[in-house]
Amino acid sequence: MTRKLNLIYNKLYTRFGTQNWWPADTTFEVIVGAILTQNTNWQNVEKAIVNLKQYRLFSPQRLYRLRKEKLAALIKPTGYYNLKAKRLKEFLNFFFTFYKGSIERMSLVNTEKLRQQLLSVRGIGPETADSILLYALEKPVFVVDAYTRRILSRHHFIKDAATYKEIQNLFMKNLKKSVKLFNEYHALLVRLGKDFCLKNKPRCQICPLR
């Protein structure tokens with residue numbers, strides 16, 4: 001399995017190159033983006049972040065103090081904006097309650113403990129929690145999303161009913177635990193899913209993994 005996973009990575013990297021993901025100016029921006037990107041595309045998240053920055057509200061302290069209604073209006077491009085404002089507020093309450101708004105303090109916590117804490121925040125599921133851990137806090141945790149599941153299922157690496165944890169373990173138990181590797185690998189799978197392994201009408205005949 002290690003050989004097969006490395007072969008997939010090498011083929012994708014040869015085809016697409018470095019993906020430079022997650023696109024953000026700060027660690028906090030990565031966290032906010034991970035929460036807002038649920039059920040939408042990244043272009044919409046970027047519009048919402050631009051809105052917050054234009055009003056000079058893009059800091060943990062200012063967003064923490066901002067009224068939920070105002071926050072919802074500013075992140076409207078992401079869709080489900082009232083729900084996402086609530087989820088972002090839930091995270092900020094957790095962030096200030098446990099870590100006093102300090103990214104550095106939060107990053108010092110044991111990975112598994114922090115993961116469980118993040119999962120206890122209403123609205124944060126495994127994919128969002130792991131995106132925060134990997135992309136924002138540089139913890140060696142593999143992120144599983146719909147693209148990953150679809151690609152592995154079509155190439156018969158997993159069963160359709162495989163759980164998030166089972167898919168995650170496939171990578172974490174067979175690859176070197178490297179933040180850089182997990183970051184790039186996941187980003188490459190996203191690229192493959194968007195450009196070739198489409199949900200409808202996949203472009204199998206020209207897939208880089210053929």
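If we scan region 142-159, do we find a residue that is under 20 Å from Thr26 (Cβ atoms) and either in the same structural domain as Trp42 (by TED's automatic domain parsing) or modelled with pLDDT of 95 or more (or both)? Step through it out loud before you land on a result.
First, the residues of region 142-159 that are under 20 Å from Thr26 (Cβ atoms): 143.
Checking the rest, the ones that are also either in the same structural domain as Trp42 (by TED's automatic domain parsing) or modelled with pLDDT of 95 or more (or both) come to 143.
Yes, region 142-159 has at least one match.
Looking at region 186-208, is at least one residue β-branched (Val, Ile, Thr), under 26 Å from Gln43 (Cβ atoms) and modelled with pLDDT of 95 or more?
The answer is yes; a qualifying residue exists.
Yes/no per residue for (1) small (Gly, Ala, Ser); (2) under 19 Å from Pro23 (Cβ atoms); (3) in contact with a His (Cβ under 8 Å, 6 or more places away or on another chain):
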{"residue": "Asp145", "(1), (2), (3)": "no, yes, yes"}
{"residue": "Ala161", "(1), (2), (3)": "yes, no, no"}
{"residue": "Gln168", "(1), (2), (3)": "no, no, no"}
{"residue": "Phe171", "(1), (2), (3)": "no, no, no"}
{"residue": "Lys176", "(1), (2), (3)": "no, no, no"}
{"residue": "Lys199", "(1), (2), (3)": "no, no, no"}
{"residue": "Cys207", "(1), (2), (3)": "no, no, no"}
{"residue": "Arg210", "(1), (2), (3)": "no, no, no"}
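For the subset of region 126-153 comprising residues that are without any contact (Cβ under 8 Å) to a residue 40 or more places away in the chain and small (Gly, Ala, Ser), which member is surrounded by the most Cβ atoms within 10 Å (Cβ to Cβ)?
Ala129
The values are calculated or read from the model by the stated rules, or taken from the named source; none is laboratory data. Owing to the predicted nature of the structure, the values given are computational and were not obtained by experimental measurement. Cβ coordinates were reconstructed from backbone atoms using ideal geometry, including for glycine residues, and neighbour counts include every protein chain displayed.
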